[in-house]
């Protein structure tokens, strides 16, 4: 899976591409993971930082990158997921602040969904902080439905919502 395809019904904004981390030569991957880690530290509280180096070594864990298609190849977002038999757990999704509200996050989710359906997987689940309204709006716009709620999931007073996108055939 060298380049994620984007559904014709939802086009990635001009000037951007989606690529799987494994499409890069092994020698370049660590540099990319380092860039992702920098974005992660700027975006999320320290209690929610993801250990990409260890997580990406796990079986069935993958990363999709959103990048500018120009010569800079600037990394503008990423999505990390874990695939089990017919279920995907979306661990992280992030678009850098100056590139938000352009449809990049939605394209990451829809491209993942499209890619997984081709492989026989029809359900994506995730947890989101109830207070993160922009993230919740993104997931709802992609078709996710809330299926559970857990008080203090993210810490004292921070409720987690479990959401699912299901296209069972």
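The values are calculated or read from the model by the stated rules, or taken from the named source; none is laboratory data. None of these values were measured; they are calculated from a predicted model. Every residue, glycine among them, receives a Cβ derived from its backbone with ideal geometry; neighbour counts consider all protein chains shown.
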Residue ID - farthest from residue 103 (Cα to Cα), chosen from residues in segment 41-57 that are in a helix (DSSP H, G or I) and out of contact with any strand residue (DSSP E or B) (no Cβ under 7 Å at 6 or more places or on another chain): 54
Boolean, residue 97 is touching a helix residue (DSSP H, G or I) at 6+ places or on another chain (Cβ under 8 Å), surrounded by fewer than 19 Cβ atoms within 10 Å (Cβ to Cβ) and within 20 Å of residue 17 (Cα to Cα): yes
Residue count for segment 131-159, restricted to those that are more than 21 Å from residue 104 (Cα to Cα) and crowded, with 18+ Cβ neighbours inside 10 Å: 1
Cβ-Cβ under 6 Å pairs, at least 6 apart or on other chains, segment 55-69 side at positive phi and touching a residue at least 12 places away in the same chain (Cβ under 8 Å), far side surrounded by 14 or more Cβ atoms within 10 Å (Cβ to Cβ) and part of a strand (DSSP E or B): 60/82; 60/83
Tabulated pairs, segment 147-164, first modelled with pLDDT under 95, second surrounded by 12 or more Cβ atoms within 10 Å (Cβ to Cβ) and outside any loop (DSSP other than H, G, I, E, B), C-beta under 6 angstrom, 6+ apart or interchain: 153/160; 154/129; 154/160; 158/129
